[in-house]
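One structure is given below, represented as structure tokens, and several questions about it will come after.
The values are calculated or read from the model by the stated rules, or taken from the named source; none is laboratory data. Keep in mind the model is a prediction, meaning the values are calculated, not measured. For neighbour counting, all protein chains shown are included, and Cβ atoms are generated from backbone atoms with ideal geometry for every residue, glycine included.
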Amino acid sequence: MMNYDIVVIGGGPAGLAAAISAYDSGAKNILILEREDKLGGILNQCIHNGFGLTRFKESLSGPEYAYRFIEEVKNRDIDVFLNTTVISLSKDKKVTAINSENGVFTVKAKAIILAMGCRERSRGALNIAGSRPAGIYSAGTAQKYVNIKGYMPGKSVVILGSGDIGLIMARRMTLEGAKVHAVCEIMPYSSGLKRNIVQCLDDFGIPLYLNHTITKIEGKERVTAVEISEVDEKRKPIKGTEMRFECDTVLFSVGLIPENELTKNAGISLSNRTRGAIVSQNRETDVPGIFACGNVLHVHDLVDFVSEESELAGKSAADYVINGEKEHNSVNCINGKNISYVLPQKIDTDLEENVKVFFRVSGTFKNCTFKLSCGDKVIIERKKKIAVPGEMETLLITSDKLKEIDGDLTLSLEGA
Amino acid sequence: MEKVNLTCIECPMGCRIEVEVENGKAVSITGNSCPRGKMYAENEVVCPMRVVTSTVRSKSGKMVPVKTDKPVKKALIFEVMKTINSLSCNTPIRIGDIICENISDGANLVASGNVD
């Protein structure tokens, strides 16, 4: 059995930043396990620009952003196993993995960092009527075909869901000569970034139908058309509003789900809100010494924030390896009115440092107030002009404010 | 005087900018939160510019991610795409290597990812 101080599962942006940070925080015996044949994760197929504006103050492509971290990993004495799939993880921090060189092998770690990322929701999760013709892809799969494999999945496209990957693919397919007829979104708002609505749809005259969904996919061998309908407030299709688009391809961009099979099987508690592990502010799960960061924990809008969170997890893992287990003196942080999730879900109140709370709102709200309260006591209040579910919000609890906390916290959005 | 409402695309904040245009020029810009936004709005009402990102098929068959190293005229995006799709390059290639000089208005097409 191999022994490492820290094993990082996943070599995407989260795993890379976590490994670098753990190393720089004093842990020296670190291994990254990556299932693809190179590091970088999903960034490798995200050839569009706009990454790194927060972190590097410049607009990078996905591979460029990944490269900066891959170089940093190479500059340190960090082991990397590529083409290696982790098949199980246990509470006592044994990782079982498989690759063609070593076969099945087990690594024992003092600390583990979960950085497996997320995967796309599929058509199956949506229950759309119709047969099962060829030509239906998740937006990320289409992105891989076009950008990595170099061929087009179709010529005439309808996209369901206005997540960022769907918007990016609307532009990408258009640039490569396809006709994108429509992007339809069941919600009254897009879950994608505003800038992507402008530069991916408006720039090319691609219509965005809000409050619309696909009600039928036609075609036997290959998609031949889709029918879309307007939906009511309960998101049920309204009869008589059907529109039909002839097309050969349907892309789904209907959300991302943290990939937590390993986490679940290891007996780590998951949040039904984020669908990732329940963590403390140091990104430690409820199994001491196992940490999580990036999209496996909660789906981020920007990779810059993934890197930031992962550095925190890396530092915490190193601290665990060097200084041993720390007792948590924590309160729960719960999502209240109009808030869909809060992270971290547990906050230690005896810290001498600030704690950043990340959360999403459950609808579109104008001129509202975020309120973090402990029973009847309001700890923090902050006004916000516009809050939308597509954009992650943050609140900073300073170490002074932490001292005022004597029970569970509730974060809510008021005045909406 | 004409009022134009824009969403800034310079960063993920997506500021809503209101521009007052007179004789084809921005005379007042409000709503931006940084100088990049002001510049974006000034250009956007005169001549919208975009960085084009795509791929070039290398001689080895592997796809090389590419981008223009400066924004090019939005109106010329499809012309730039046509050139991009007529190009090929050798591998290995490194980030920043020029694949096509002056693809449009002085902008070069450069590799935006390493391919071995």
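Has region A:1-17 got at least one residue that is outside any strand (DSSP E or B), surrounded by fewer than 24 Cβ atoms within 10 Å (Cβ to Cβ), away from chain B (no Cβ under 14 Å) and at pLDDT below 95?
Filtering region A:1-17 for residues outside any strand (DSSP E or B) gives A:1, A:10-17.
Now narrow it down to the ones that are surrounded by fewer than 24 Cβ atoms within 10 Å (Cβ to Cβ): A:1.
Retained after the next criterion (residues that are away from chain B (no Cβ under 14 Å)): A:1.
Going one step further and asking which of them are at pLDDT below 95, we end up with A:1.
So far as region A:1-17 goes, yes, one or more of its residues are outside any strand (DSSP E or B), surrounded by fewer than 24 Cβ atoms within 10 Å (Cβ to Cβ), away from chain B (no Cβ under 14 Å) and at pLDDT below 95.
Each row is one residue, and each column tells you yes or no for (1) more than 12 Å from A:SER253 (Cβ to Cβ); (2) among the charged types (D, E, K, R); (3) not assigned by TED's automatic domain parsing to the domain that holds A:PRO288.
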site: A:VAL73; (1), (2), (3): yes, no, no
site: A:SER88; (1), (2), (3): yes, no, no
site: A:LYS94; (1), (2), (3): yes, yes, no
site: A:ILE113; (1), (2), (3): yes, no, no
site: A:GLY130; (1), (2), (3): yes, no, yes
site: A:PRO133; (1), (2), (3): yes, no, yes
site: A:ALA142; (1), (2), (3): no, no, yes
site: A:MET152; (1), (2), (3): yes, no, yes
site: A:ILE165; (1), (2), (3): no, no, yes
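Continuing with the same structure: Test of understanding: among B:VAL4, B:VAL46, B:VAL66, B:VAL27, which residue is in contact (Cβ under 8 Å) with a residue 40 or more places away in the chain, more than 10 Å from chain A (Cβ to nearest Cβ) and either more than 20 Å from A:LYS57 (Cβ to Cβ) or surrounded by 15 or more Cβ atoms within 10 Å (Cβ to Cβ) (or both)? Walk me through it before giving the result.
Numbers: B:VAL46 fails: in contact (Cβ under 8 Å) with a residue 40 or more places away in the chain; B:VAL66 fails: more than 10 Å from chain A (Cβ to nearest Cβ); B:VAL27 fails: in contact (Cβ under 8 Å) with a residue 40 or more places away in the chain.
The match here is B:VAL4.
Also: Picking from A:ILE268, A:ILE278, A:ILE339, A:ILE238, which residue would you name as being assigned by TED's automatic domain parsing to the domain that holds A:CYS368 and not hydroxyl-bearing (Ser, Thr, Tyr)? Talk me through it step by step, then tell me what you get.
Details: A:ILE268 fails: assigned by TED's automatic domain parsing to the domain that holds A:CYS368; A:ILE278 fails: assigned by TED's automatic domain parsing to the domain that holds A:CYS368; A:ILE238 fails: assigned by TED's automatic domain parsing to the domain that holds A:CYS368.
After ruling out the rest, the residue left standing is A:ILE339.
Starting from region A:314-330, take each residue that is β-branched (Val, Ile, Thr) and list its partners that are outside any helix (DSSP H, G or I) and surrounded by fewer than 18 Cβ atoms within 10 Å (Cβ to Cβ), counting only C-beta distances under 6 angstrom and pairs at least six apart or across chains.
Listed pairs, sorted by first residue: A:ILE322/A:GLY26.
Which ones in region B:49-63 are over 15 Å from A:ARG172 (Cβ atoms), touching a Ser or Thr at 6+ places or on another chain (Cβ under 8 Å) and more than 9 Å from chain A (Cβ to nearest Cβ)?
If the condition is that a residue be over 15 Å from A:ARG172 (Cβ atoms), touching a Ser or Thr at 6+ places or on another chain (Cβ under 8 Å) and more than 9 Å from chain A (Cβ to nearest Cβ), then B:SER58, B:LYS59, B:SER60 are the ones that fit.
In addition: Testing A:LYS155 on (1) touching a residue at least 24 places away in the same chain (Cβ under 8 Å); (2) in contact with a strand residue (DSSP E or B) (Cβ under 9 Å, 6 or more places away or on another chain); (3) on the phi > 0 side of the Ramachandran plot, one condition comes back false. Which one is that?
Checking A:LYS155 against (1) touching a residue at least 24 places away in the same chain (Cβ under 8 Å); (2) in contact with a strand residue (DSSP E or B) (Cβ under 9 Å, 6 or more places away or on another chain); (3) on the phi > 0 side of the Ramachandran plot, the one that fails is (3).
Continuing with the same structure: Confirm whether A:ALA266 is surrounded by fewer than 23 Cβ atoms within 10 Å (Cβ to Cβ) and in contact with a Leu (Cβ under 6 Å, 6 or more places away or on another chain). So that I can check it myself, show each step before the final result.
On the way: surrounded by fewer than 23 Cβ atoms within 10 Å (Cβ to Cβ): yes; in contact with a Leu (Cβ under 6 Å, 6 or more places away or on another chain): yes.
When the stated conditions are applied, A:ALA266 passes them.
A further question on this structure: With (1) at pLDDT 95 or above; (2) touching a Pro at 6+ places or on another chain (Cβ under 7 Å); (3) on the phi < 0 side of the Ramachandran plot as the list, and A:PRO258 as the residue in question, which single condition is left unmet?
Failing condition for A:PRO258: (2).
While we're looking at this one, here's another question. Counting residues that are of a type in the set (Gly, Ala, Ser) and more than 14 Å from chain B (Cβ to nearest Cβ), which strands (runs of 3 or more DSSP E) fully inside region A:109-202 reach at least 1?
Values: elements: A:118-120, A:136-138, A:156-160, A:179-185.
Where strands (runs of 3 or more DSSP E) fall fully within region A:109-202 and carry at least 1 residues being of a type in the set (Gly, Ala, Ser) and more than 14 Å from chain B (Cβ to nearest Cβ), they are A:136-138, A:156-160, A:179-185.
Please enumerate the residues belonging to region A:279-295 that are surrounded by fewer than 24 Cβ atoms within 10 Å (Cβ to Cβ) and touching an Asp or Glu at 6+ places or on another chain (Cβ under 6 Å).
Hit for region A:279-295 is A:PRO288, nothing else.
So B:THR91 ticks every box in (1) in a loop (DSSP other than H, G, I, E, B); (2) in contact with a Ser or Thr (Cβ under 7 Å, 6 or more places away or on another chain); (3) within 12 Å of another protein chain (Cβ to nearest Cβ) but one. Which box is left unticked?
The number of the failed condition is (3).
Suppose we keep only residues that are at the interface with another protein chain (Cβ under 10 Å from one of its Cβ atoms) and free of Cβ contacts under 8 Å to residues at least 24 places away in the same chain within region B:94-113. Which one would you say is nearest to B:ASP69 (Cα to Cα)?
B:GLY96
For (1) more than 25 Å from the chain's Cα centre (by Cα); (2) in a loop (DSSP other than H, G, I, E, B), each residue gets a yes or a no:
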| position | (1), (2) |
| --- | --- |
| A:GLU327 | yes, yes |
| A:ASP350 | yes, yes |
| A:VAL357 | no, no |
| A:LYS366 | yes, no |
| A:THR369 | yes, no |
| A:VAL378 | yes, no |
| A:LEU396 | no, no |
| A:ASP400 | yes, no |
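Same structure, new question: From the residues in region B:8-24 that are surrounded by fewer than 18 Cβ atoms within 10 Å (Cβ to Cβ) and not in a loop (DSSP other than H, G, I, E, B), which one is farthest from the other protein chains (Cβ to nearest Cβ)?
Out of the qualifying residues, it is B:GLU22.
Just name the residue that is farthest from the other protein chains (Cβ to nearest Cβ) out of those in region A:276-313 that are among the aliphatic types (A, V, I, L, M) and assigned to a loop (DSSP other than H, G, I, E, B). Quick ask: steps written out before the conclusion?
Step one: list which residues in region A:276-313 are among the aliphatic types (A, V, I, L, M), which gives A:277-279, A:287, A:290, A:292, A:296-297, A:299, A:302-303, A:306, A:312-313.
Next, only the ones that are assigned to a loop (DSSP other than H, G, I, E, B) stay: A:278-279, A:287, A:297, A:299, A:302.
Details: A:ILE278: 27, A:VAL279: 24, A:VAL287: 34, A:LEU297: 20, A:VAL299: 15, A:LEU302: 6 Å.
Ranking the qualifying residues of region A:276-313, first place goes to A:VAL287.
Output yes when any residue across region B:29-52 is in the same structural domain as B:THR7 (by TED's automatic domain parsing), within 14 Å of the chain's Cα centre (by Cα) and aromatic (Phe, Trp, Tyr), and no when none is.
There is at least one residue in region B:29-52 that is in the same structural domain as B:THR7 (by TED's automatic domain parsing), within 14 Å of the chain's Cα centre (by Cα) and aromatic (Phe, Trp, Tyr).
Quick grid of which residues meet (1) among the aliphatic types (A, V, I, L, M); (2) under 30 Å from A:ILE148 (Cβ atoms):
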site	(1), (2)
B:GLU10	no, yes
B:GLU18	no, no
B:GLY24	no, no
B:ILE29	yes, no
B:ARG36	no, no
B:GLU42	no, no
B:LYS62	no, yes
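Right, here's the next one. For B:ASP116, only one of the following conditions fails: (1) within 10 Å of another protein chain (Cβ to nearest Cβ); (2) of a type outside the set (Ser, Thr, Tyr); (3) within 30 Å of A:ASP301 (Cβ to Cβ); (4) surrounded by fewer than 19 Cβ atoms within 10 Å (Cβ to Cβ). What is its number?
(3)
When the residues of region B:69-84 are filtered to those that are in a helix (DSSP H, G or I) and basic (Lys, Arg), which remaining residue is farthest from the other protein chains (Cβ to nearest Cβ)? Please lay out each step first, then the result.
To start, the set of residues in region B:69-84 that are in a helix (DSSP H, G or I) comprises B:74-84.
Still in the list and also basic (Lys, Arg): B:74, B:82.
On the way: B:LYS74: 7, B:LYS82: 10 Å.
The selected residue is B:LYS82.
Residues of region A:189-225 being at pLDDT 95 or above, over 27 Å from the mean Cα position of the chain (by Cα) and of a type in the set (A, V, I, L, M, F, W, C), which ones?
Answer for region A:189-225, where residues must be at pLDDT 95 or above, over 27 Å from the mean Cα position of the chain (by Cα) and of a type in the set (A, V, I, L, M, F, W, C): A:PHE204, A:VAL223, A:ALA225.
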